[in-house]
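The values are calculated or read from the model by the stated rules, or taken from the named source; none is laboratory data. The structure displayed is predicted, hence computed values, not measured ones. In this analysis, Cβ positions are derived from the backbone assuming ideal geometry, glycine residues included, and neighbour counts consider all displayed protein chains. Ligands, DNA and RNA are stripped out before the accessible areas are found, and what is left, the full protein with its side chains, is counted by its heavy atoms. Shrake-Rupley method; radii C 1.70, N 1.55, O 1.52, S 1.80 Å.
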Amino acid sequence: MRSNVFHYYRLFWLCLSFCGAVVSADYMDLGHGYYASVSNLTERAVLDVARFDWLYIPHGRPATTADAINRLREYNPDLKVVYSLRPTHHLGHGPSGLATCLDYCYDADVRAEIHRRIEETVAGRESLARPEALYGWVFWEELPMWFARPGEKDWIEPYRDRIEEELGEPLTYGDELDAWILKTKYVKAMTEIHQRVHELHPEAVIFYHHHPNKGTQGFEFADIVGKPWCQGLVAHHNITRAFERWVERAQELDAVYFTQLSHPAGMRAQGWEGSRKNTIGFDTSDRNLGYFFYCSGDCASTKGHYHLEDPVVRREFKRISRADRSHLHLARFCTQGGIGIDVVERFYRANGLSVDAEIAFAKARPGDRLPLRVTVTNRRELCHFANALDAVAQNIKIEVRSPRAIRILEEPVRHLARLGPMQSAEFNWTVEVVSPSEDGVFEGFEVVASCEGTDPMTVDLRGSPCKAGSVHHLSGRSGRWLEPNWEEQARLCGLRVSAAHGLVSNITFSSGGRSLRVEGGLIDGEILTVSADGTAELSAENLCPDTGLVDDPDKAKRFTSGYSVHYIPVGRSCTPDRDYRLTVTGSAEDGAGALVTVYFRGPKTELHLMHNALRGEGWQEATRTFTAPAGATAITGVRLWRYHQTGAIRYGSVSITPAIPEKPGSVVSRIQGDLPLLAPRGASDIRCQWEGPGELKVQCLAPDTVVE
C-alpha cells in the first residue's frame, strides 16, 4: 500500500479545469439538473446522480424507476424529477413504429392507447416514496420530429384519403402540406395530450421541448405553450443570439423554462464557456428554472471538433472507457461547481468504508486455529472532492469482537493512520475455536470498522460468510479468496471461470503449493470449466439474458403494426473480428418475417441479420453466425423488426453467444499445472492473477455445487 494522494491531486485539478466555476443561482427553482435514465444505476453512479438538484428522465415510468429514485432521495431528500412521456412506441406505420400526430388524429384506437399509456405512467408516480418529488412532465423531446413527420410518405400515405377529403383536393407533397399537418393535426394532438396530463396531475408543470434547429413552419409556439395545461419551455443555447430569442419567447408566452448544457463538443455550436454562461447567468429572472447537464462520455467523439477546448478530454477519450469518462466528467463538473456537497458528505458517511471479511468454520473442531482475513477499502473517489485530503480516510479503527467460543490470538483492535482514495488495506488474525457450535453459528462474532466522518461498518461473522462454491467477482488483474473444504480429506477442486468487461489471458490460480495456469485468453461470454479429473470444457453464456420477451408460443406478444417492435439493451464487451452466434425463436404470419439488428460501439455501429427468418409453419428457431466488426468494443443492443411491415410476428427468446471454435482436446492443452488443493478443515487461501483489462467470475466446484 502506498500513498499517491498528492500526485493524483495535481492531475485532478488539471483535469478539472475544463469545467469552469458553476455559479449558484437562487432564482432557479429546479436548479442544477442531469439528463439520465436511472433504472439501471451502478453503485458508483448513485452518488454522481444524487448530488444534482433534479433529474430529467428521458424514458421509463415512475413505477419502474421508483426504487432507484427513492434510493437517490435517501442521500438527497430534495431531489426533483421531470419525466419525458413517450407513449407512442409500436403504434405507428413508419419504419420506427412510432405513432405520429396523424395516427393520433385519424385512428381512434391509437389515440385511446396513447391516452391509456399516459394515464398508466402518470399514475405510477404514486410508487414514489414522496410523489411530490415529480415536478413536471414533457411529451417526448426535440419535437416535432418524434411526433410529426412532414414530407415523409410512410407516415402520410395511410391517411391519404382522409387528408384529401379535408383538403378538398388531391394530396400534393410540399411545404403547404407540411404546414397544414403541423397547424391542424400536430397542434391539436399536442393540445389534447397536454390537457390530459394536466387533468391527471394538475400540480405538475407541463413543458414543451422543441428541437433547437427546427422551425415551427405553420404554427406558433403560442398555439401550444402559455396555456393553463402547458406552462413551460425547454430552451436551447447553442449560440448566444439564439438563446436570447428563447428567453424572449418565454417572456412573450409568460412561460417558465429550463435549458440544456451539453458537454460533448459535437452538440454545441459555440465554446464550452459561452454555453455555460448562457445556462447559468444570462437570465436571472424567475422564469429561468435551471438547466440539465448532458454528458454521454463521448465528449471528444467528433474528430477535430473546434469546440473541444480541453486537451485532457481528448486524452481521456482514448485512455478510458465511455462509462468511466461520463463518470469522471459528471463528478468533476459537480465538484468544481460546489453542486451537492452535502449529498457527497451524506453518501460517504454511510458508504465511506467497505469491509470484506473471510473465515471458514467448515469441519472446525475445538483447538483448531483458523485464519481471519479482513480487507478495508476507502471508497472515497478523488474526483468527488475539491480538496484531495478530504478523500483520504483518517484514523481507521478495525476491531474483531468474539464470543467465548472463539479466542482471538492477537490484539483484536488494529489502527491505521490514513488510507488513500479507493485504496485497500488487509488485516489478518488467527482465531482459535474454544468450544464447538452445533449449528455452526457463533453469536456475537463480528468485525467493526470506522474512521473520521464515517459511520461504523459492521460485518457479522457468526454464520461464517465464507461458503463453499461461492461465486467470486475479481477485478484489477489479481484477487484472492478463502475456499472452505467440503470433506475431511483434502482433494482437488474443480474451477469454473468466465470473463466479463474485456479480455482476460494467462490466468493463474495458486494455493497449497500448487498452481494451475490457463494459457491464452477468455473473452466476455466464454466459460472455462476445469474438472478435478483433468478434463476441460469451453462453453458460452448468453450476452443478453434479460430480453423482456416470453419464450412461449401461447404467451409471446403478437406484433401486428409498426416496423421496429422491440429493443434489448445489451452493454457487453465484444472482440473485433471474432465470430458470435445469434439465435432467435418465434413465428411469422401473413407475409411477415424477422429482421434483427445488432448494434455495436465502434466505427461500424450495426449489422442487419436474420432477414425473413421465422417464416413458415409454427414456432421456429433460427441461428446465424456473424463477425464483430473491426474496431468494435461492445455490443450495445439488439433491435427486432417486423420485416416488410405486413402480417404479424412474435419473438420469443434472443441470445448472442461467442462462437466456440475449439474442440475439447485443444482446450485441455491450454491447461498447465495442477488444480489447487483444499485444506482438510477450515479454508484454503486461493490466489488468482491474470493479464488484460477484463474481470473474472470464479467458482470452485464441489460435488454438490450449484453452478451460477
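Residue-wise HN-Hα couplings along region 567-574, as the Karplus relation 6.51 cos²θ - 1.76 cosθ + 1.60 with θ = phi - 60° gives them from phi, are 10, 10, x, 10, x, 10, 5, 9 Hz; Gly and Pro carry x. Close amide H contacts of Ser653 (hydrogens built in the peptide plane, cut-off under 5 Å, sequence separation of 5 or more or a different chain): Thr585. Take the alpha carbon atoms of region 218-280, find their center, do the same for region 569-622, and report the distance between the two centers in whole angstrom. With region 218-280 and region 569-622 each reduced to a Cα centre, they are spaced 41 Å.
Of the solvent-accessible surface of the chain, computed with a 1.4 Å probe and all protein chains present, 47% belongs to carbon and sulfur.
Normalising the Debye intensity of region 550-676 to I(0), with uniform scatterers on Cα atoms only, and taking log10 at q = 0.10 Å⁻¹ returns -0.38. Residues whose amide H lies under 5 Å from that of Phe139, counting only those 5 or more places away or on a different chain, are Leu85, Phe207, His209; hydrogens are built 1.01 Å from N in the peptide plane. Spin-label model, Met145/Gln251: points 7 Å from Cα along the beta carbon direction are separated by 3.0 nm. Hey, with R₀ at 45 Å, roughly what FRET efficiency would Asp552 and Leu200 work out to, going by the Cβ-Cβ distance, to 0.05? Once the sixth-power term is evaluated, E becomes 0.85. Scaled to the globular estimate 2.2 N^0.38 Å, the Cα spread of the chain, given as radius of gyration, is 1.10.
Across all directions, the average projected area of the convex hull around the alpha carbons of region 536-590 is 6.3 nm². Across the cross-link table entries Lys185/Lys227; Lys153/Lys214; Lys185/Lys557; Lys188/Lys557, which are compared at the Cα atoms, the separations over 22 Å belong to Lys185/Lys557; Lys188/Lys557. Computed from label points 7 Å out along Cα-Cβ, the spacing between Thr633 and Ala350 is 3.3 nm.
What the phi angles of region 75-84 give under the Karplus curve with 6.51, -1.76 and 1.60, with θ = phi - 60°, is a coupling list of 9, 9, x, 9, 4, 10, 9, 10, 9, 9 Hz, glycine and proline written as x. Straight Cα distances below 13 angstrom link Lys183 to the aspartates and glutamates Asp175, Glu220, Asp223, with same-chain residues fewer than 8 positions distant left out. Amide H to amide H distances under 5 Å link Thr259 with Ala235, Gly290, Tyr291, Phe292, where only residues 5 or more positions off or on other chains count and H is placed in the peptide plane. Straight-distance candidates among the aspartates and glutamates for linking to Lys397, with alpha-carbon spacing under 19 Å and chain neighbours fewer than 8 residues away dropped: Asp356, Glu358, Glu410, Glu411, Glu426, Glu446, Glu452, Asp455, Asp460.
Note on the chain: antiparallel DSSP beta bridges, both residues inside, total approximately 75 percent of the bridges counted. So, in Å, what gap is there between the alpha-carbon centers of region 88-141 and region 328-390? So the separation of the two Cα centres works out to 42 Å. Per-residue Karplus couplings for region 517-529, computed as 6.51 cos²θ - 1.76 cosθ + 1.60 with θ equal to phi - 60°, are listed in order as 10, 9, 6, x, x, 10, 9, 4, x, 8, 10, 10, 10 Hz, Gly and Pro entered as x. Across q = 0.19, 0.25 Å⁻¹, region 358-459 modelled as identical point scatterers on its alpha-carbon atoms has Debye log10 I(q)/I(0) values of -0.89, -1.31, in the order of the q list. Protein heavy-atom accessible surface, 1.4 Å probe, per residue over the chain: 44 Å². Against the chain, whose longest principal axis comes from its Cα atoms, helix 108-123 is set at around 50 degrees.
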